Amino acid sequence: MNKRMILMSMKASIITGPEKSEIVEIAIPSISAEEVLIRIKVCGVCASELHSWLEGGYGRRPILGHEPVGIIEKVGSQVQGFEVGDRVTGLIQNAFAHYAKVNYRLIVKVPEVLDDLEALGEPLSCLMSGADRTPVSPGDDVAVIGAGFMGLGFLQLMALKGAGRIIAVDMREESLEHAKRFGADEVYTPQNVKPEYKVTEWRHMDQGIKGMDVSVDATGSQGGLQLAGEMTGVHGVLSVVGFHQGNGGLRNVNMELWNWKAITVINAHERRDAVHIKQMEAGLKLIANKKLNMKDLITHVYNLDEIDKAYDAIKSKPAGFIKSVIKMD
Ligand SMILES: [Zn+2]
């Protein structure tokens, strides 16, 4: 390989089979007039891509990774507001690689005071837009079901929105400890949730059982959704933050219960890029001003050739695990 070839190629990690990744040498992406080329520094490993890794990328040999922070290396002729050397994050795909390209409208600058690891843009905007779409009034009782990365981020934002009491629920004792650390007032395993926190029958209303003003499903699982439905009080809000995958996306819900309780069900996901970008900037401001702690949610750091280990950690959850990040060498 001559020197010119080396300069034009980069390392990327592609999925080659079920639970199997490989480092390949491929061309550095070329950019169009509105795009920037980003040298990736770190990239979060997202549970939303776990299924793709488990299934072997569905035969497509994809480059995963959509939660990077990096430095602009090149700007297209029509790019506005960004220059070479800017540290950015954003809605950027194929980022388990040394370089990725993206339209400049999909990135934001990272404030200088932030560490790379706490500035992952995409999960931040998911949390922020989800919290924005979830109505909380000052003093509300809020349950967050699932105290993984998303749940722990979300419960901090519920506190910022004025929740009077935050109840975290998770199957793992260790996650409940994390939840306490990040601001939960009470923590329970699903089996131990107090009966007065659930409204599942008419008579509960007569007995003055209120349930939660807001219940958040941050699990993406059948059990989490069901429990959130049970904990939501009459005319309360059920907010679906977790990404529901598996079983063809199908879930069973007790529609009769949801119906008579007159609950408001919110799908707290966001698909509009412009909203994501706005929420990302707002989230970075919260982190910079120490109102939101994302840094302590990053517990495991791996190299690019250790992506299988990083996904396996999402599956097996080693001691202390909340979220893993890939650091480029
Ligand atoms: Zn993600």
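In this view, the solvent-accessible surface of Thr200, computed with a 1.4 Å probe and all protein chains in place, comes to about 50 Å².
Rounded, prolate or oblate: which one fits the stretch 36-133, using the alpha carbon gyration tensor with axes a ≥ b ≥ c (rounded when a/c is under 1.5, else prolate when a/b beats b/c, else oblate)? The shape class here is oblate. Over every Cα atom in the stretch 135-267, the radius of gyration and the widest Cα-Cα span, Dmax, amount to 13.6, 39 Å. For the chain, a crude dipole built from +1 on the beta carbon of Lys and Arg and -1 on the beta carbon of Asp and Glu, taken about the Cα centre, is about 500 debye to the nearest 20. Output the DSSP H helices from the chain with an along-axis C-alpha extent of no less than 15 Å and a mean Kyte-Doolittle hydropathy no less than 1.0. Span-like helices in the chain: 149-160.
Remark: the Lys317-Lys278 segment gains 10.8 nm on full extension, using 0.36 nm per residue and subtracting the alpha carbon distance. Pairs of lysines in the stretch 135-267 whose Cα atoms sit within less than 15 Å of one another amount to 4, provided the residues are eight or more positions apart or on different chains.
Round to a whole angstrom and tell me the spacing of the C-alpha centers of the stretch 116-132 and the stretch 220-257. Between the Cα centre of the stretch 116-132 and that of the stretch 220-257, the gap is 23 Å.
Of the residues Arg105, Arg39, ranked by 1.4 Å probe accessible area with the largest first, the sequence reads Arg105, Arg39.
Between Val108, Pro68, Ser52, the Cα set farthest toward the positive side of the dipole of the stretch 47-118 (charges on each charged residue's Cβ, about the Cα centre) is that of Ser52.
Could you work out the longest stretch of the chain that avoids the GluC sites (Glu not before Pro) located in DSSP loops with at most 11 other Cβ atoms within 10 Å? Formally, the longest exposed-site-free interval is 113-329. Summarised in one figure, the compactness ratio Rg/Rh of the chain, Cα atoms and Kirkwood Rh, is 1.01. Once the Cα-Cα distance is subtracted from the 0.36 nm per residue extended length, the Val265 to Glu55 segment shows a gain of 72.5 nm.
Taking every protein chain into account, the accessible area of the chain amounts to 46 square angstrom per residue (probe 1.4 Å). Stretching the chain fully between Ala288 and Val253 yields a gain of 8.6 nm (0.36 nm per residue, less the alpha carbon separation). Carbon and sulfur: what percent of the stretch 270-329's accessible surface (1.4 Å probe)? Percent of accessible area from carbon and sulfur atoms in the stretch 270-329: 49. For the stretch 249-329, the list of trypsin sites (Lys or Arg not before Pro) that fall in a loop by DSSP and count at most 10 other C-beta atoms within 10 angstrom reads Arg271, Arg272, Lys290. Val110 contributes an accessible area of around 20 Å² to the protein surface, as traced by a 1.4 Å probe with all chains present. Between Lys109 and Asp329, the C-beta separation translates, for a Förster distance of 25 Å, into a calculated FRET efficiency of about 0.55.
The values are calculated or read from the model by the stated rules, or taken from the named source; none is laboratory data. As the structure is a computational prediction, the values presented were derived from the model and not from experiment. Cβ: placed from backbone, ideal geometry, glycine included. Neighbour counts: every protein chain shown. Accessible surface areas use protein heavy atoms only, side chains included; no ligands, DNA or RNA. Shrake-Rupley method; radii C 1.70, N 1.55, O 1.52, S 1.80 Å.
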